[in-house]
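One structure below.
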Amino acid sequence: MPKTAGQKLGSLLLPLYLLAVLAGMATGAAVGAVLSAISAVQRAMDPDLAATWGPGGVGLIPILVGVPVGAGMALAPATGAVAGLFVQAWNSPFPSVRSQARAAAWGAGLASVLLTCGALFMDGANVPAIIAAGAAYALVSFYLASAITSRLLRYRESRDATG
């Protein structure tokens with residue numbers, strides 16, 4: 001497996017954050033779409049509830065809200081991924097792409113867990129719901145960070161090889 005110099009991580013910061021924010025926006029829109037679908041089913045099952053939402057119900061609002069919320073929520077795992085990359089580069093100066101992707105994934109997952117733990121201290125929080133949402137958030141962050149970092153490193157590696 002080819003090695004990528006850990007000292008060149010500074011050049012990954014901006015692309016990694018941009019890709020993480022784009023992935024967060026897409027994930028936020030997807031979650032908003034699921035919430036819109038669930039509310040449409042609830043409106044169909046309970047017409048009295050639909051009357052309280054007004055004509056047309058909530059429609060695209062969850063999707064439109066999900067995009068900026070997803071972008072903001074992506075910053076914590078992206079920072080964790082960067083921290084994981086730097087810690088791993090400190091321990092091993094020439095890690096493989098797979099090793100760096102794994103370090104970024106663990107960093108993103110741990111940052112997501114820390115954010116979830118912070119949400120547990122909110123007053124009036126529904127603990128089981130926050131734990132379930134936090135577990136999904138950490139899992140999605142873990143896999144997205146691994147995929148984004150791996151793709152980014154392989155792209156940079158191929159660009160360096162041809163240039």
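Which percent of the accessible heavy-atom area of the chain goes to carbon and sulfur, probe 1.4 angstrom?
Details: 7110 of 9650 Å².
Of all accessible area on the chain, carbon and sulfur atoms account for 74 percent.
From the helices alone, meaning DSSP H stretches of at least four residues, give me the mean residue ellipticity at 222 nm for the chain, per-run term -39500 (n - 2.57), in deg cm²/dmol to the nearest 500. All intermediate terms of the calculation are to be shown ahead of the outcome.
Details: 6 runs with 130 residues, N = 163.
Helices in the chain give a 222 nm mean residue ellipticity of -28000 deg cm²/dmol.
Send over the per residue convex hull volume for the chain, Cα only, as a whole number of Å³.
In the chain, the Cα convex hull volume per residue is 135 Å³.
Which one, Y137, S158, L60, projects farthest toward the positive side of the charge dipole computed for region 31-163 from Cβ point charges (K/R +1, D/E -1)?
Projecting each Cα onto the dipole axis, the largest value belongs to S158.
Of V97, I148, L115, which is farthest on the positive side of the dipole of region 85-163, counting Cα position, with +1 on Lys and Arg Cβ, -1 on Asp and Glu Cβ, and the Cα centre as origin?
V97
Taking the Cα centre as origin and putting +1 on Lys and Arg beta-carbons and -1 on Asp and Glu beta-carbons, what dipole magnitude results for region 13-163, to the nearest 20 debye?
Numbers: 7 positive and 5 negative charges, 122 e Å.
Dipole magnitude for region 13-163 comes out near 580 debye.
For region 57-153, list log₁₀ I(q)/I(0) at each q in 0.15, 0.17, 0.21, 0.25 Å⁻¹, using the Debye formula over Cα point scatterers of equal strength and ignoring solvent, two decimals each.
-0.64, -0.77, -1.00, -1.18
Enter the angle in degrees (range 0 to 90, nearest 10) between the Cα long axis of helix 127-162 and the first principal axis of the Cα atoms of the chain, meaning the one along which they spread out most.
40
Can you compute log10 of I(q)/I(0) for region 111-163 with the Debye formula, treating each Cα as one identical point scatterer, at q = 0.25 Å⁻¹?
Debye output, listed in q order: -0.88.
Can you tell me the length gained on complete extension of the stretch D46 to F94, counting 0.36 nm per residue apart and subtracting the Cα distance? Could you put the intermediate results ahead of the total?
Numbers: separation 48, 0.36 × 48 = 17.28 nm, distance 5.95 nm.
The span from D46 to F94 would gain 11.3 nm if fully extended.
Please work out how much length the chain gains when fully extended from S158 to L35, using 0.36 nm per residue of separation minus the C-alpha to C-alpha distance, in nm with one decimal. All intermediate terms of the calculation are to be shown ahead of the outcome.
Details: separation 123, 0.36 × 123 = 44.28 nm, distance 4.00 nm.
Gain in length upon complete extension: 40.3 nm.
How do D160, D48, D123 stack up against each other in accessible area, from largest to smallest, with a 1.4 angstrom probe?
On the way: D160 85, D48 120, D123 160 Å².
Largest to smallest exposure gives the sequence D123, D48, D160.
Counting only protein chains, not ligands or nucleic acids, how are T162, T27 ordered by accessible area (probe 1.4 Å), most first?
Details: T162 120, T27 55 Å².
Accessible-area ranking of T162, T27, largest first: T162, T27.
The values are calculated or read from the model by the stated rules, or taken from the named source; none is laboratory data. Being a predicted model, the structure only gives us computed values, none of them experimental. Note that we place each Cβ from the backbone using ideal geometry, even for glycine, and neighbour counts take in every protein chain shown. Quick note on the areas: whole protein, heavy atoms, side chains included, nothing else; ligands and nucleic acids left out. Shrake-Rupley method; radii C 1.70, N 1.55, O 1.52, S 1.80 Å.
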